[in-house]
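Inspection log for the structure reproduced underneath, given as structure tokens.
Quick note: the coordinates plus some simple rules give every number you see, no bench work behind them. Only a predicted model underlies this, so the values are computations on that prediction, with no experimental measurement involved. Methodologically, a virtual Cβ is constructed for each residue, glycine included, from the backbone with ideal geometry; neighbour enumeration extends over all protein chains shown.
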Ligand SMILES: Cc1ncc(COP(=O)(O)O)c(C=O)c1O
């Protein structure tokens, strides 16, 4: 029997499943509002952190350590969640141009600073070896969380999100579309769909960085790790995930004025606030290639609003 790992409550669940008519041509759009998992503690990362922080607490850890881009939603969520449960937080933030001082901090970075995180800026070379570097620098009672909270335990965030969705859906959507940054969300969704007998729903991860081969490996690796710990979960080989590459644009966290204008247009049309780094890139796939996703696509809104204010 599959035993769900220990979990603490951080997210406001169940998040709403909303229907939007008139946003995409001739079809209904379903939106799973995971941007509403909370305010500061918001977005997809909170679901993963419910499991990761439960483990940190059960191991008696005193500090959470993690890493991400300078405007990482995951790092911001980790810092605020740490404060909520009485832990300290250390974040390694990738940038080649650290801000001169805290007065120049914006968006997620400003929130991390205000919430008292220990912040260290690191360059791309350091970041390329992030797992090793975080472990080497860890002190006793640190709990190290990989980029994006994307490992086997973090994947449970979206296994349980699929259980939630299972109870909300009246019929099967024609596809699930979600932004992809480190792969843990897609890995969890695919594991969850297999577990709840819904694996005929195609899942499209829209790359916000990197490329399809990278994410095929990353997601597969997470499912193999999960399968080792919970044999009831499927080990999914690389090649069995679906990723869409064409929306990375200028690169991670970069967007053109046209892309920004599309984001504003969605806001004006239906009140959905997307973020420029992840969700707008994924939503653009829906807007530009609606036929690819069938008659009733389901978009998972993974949050990220503070990136819009960076
Ligand atoms: C707002 C938002 N959406 C989507 C993602 C992608 O999730 P994952 O890292 O699990 O692929 C992230 C983080 O990377 C994010 O911050």
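Looking at the chain only, what percent of DSSP beta bridges run antiparallel? Nearest 5 please. In the chain, approximately 15 percent of DSSP beta bridges are antiparallel ones. Three semi-axes describe the equivalent ellipsoid of the range 219-310; taken as square roots of 5 times the Cα gyration tensor eigenvalues and ordered largest first, they are 30, 16, 13 Å.
Peptides 238-246, 182-190, 99-107, ordered by how many other C-beta atoms sit within 10 Å of their residues on average, highest first, read 182-190, 238-246, 99-107. Once the chain from residue 196 to residue 97 is taken as fully extended at 0.36 nm per residue, the excess over their C-alpha distance is 31.1 nm.
Over what distance in Å are the Cα centres of the range 17-36 and the range 67-110 separated? What the calculation gives is 31 Å, centre to centre. Dividing the convex hull volume of the alpha-carbon atoms in the range 1-85 by its residue count gives 141 Å³ per residue.
Measuring max minus min along each principal axis, the C-alpha atoms of the range 214-270 give extents of 46, 25, 17 Å (largest first).
Exposure proxy for 281, 84: other Cβ atoms within 10 Å of each Cβ, ordered fewest to most, give 84, 281. For the range 157-208, the relative contact order works out to 50 percent when only alpha carbon pairs closer than 8 Å and six or more residues apart are counted. Sorted on the mean count of surrounding Cβ atoms within 10 Å across their residues, most packed first, peptides 251-259, 289-297 read 289-297, 251-259. Projected over all directions and averaged, the alpha-carbon convex hull of the range 3-52 occupies 4.6 nm².
Working note: Cα atoms of the chain, range along each principal axis, descending, whole Å: 54, 51, 34. Hydrodynamic analysis of the range 101-222 uses the Kirkwood radius over alpha carbon pairs. Inserted into Stokes-Einstein at 10 °C and 1.306 mPa s, it gives a translational diffusion coefficient of 95 µm²/s. Kirkwood analysis of the range 48-126, using all unique Cα-Cα pairs, places the hydrodynamic radius at 12.8 Å.
Rounded to the nearest 500, the helix-only mean residue ellipticity at 222 nm of the chain stands at -11500 deg cm²/dmol, with each DSSP H run of n ≥ 4 adding -39,500 (n - 2.57).
Summed over all non-identical Cα pairs, the Kirkwood treatment of the range 154-310 gives a radius of 16.0 Å.
As a proxy for reagent exposure, ranking 260, 47 by other Cβ atoms within 10 Å from fewest up yields 260, 47.
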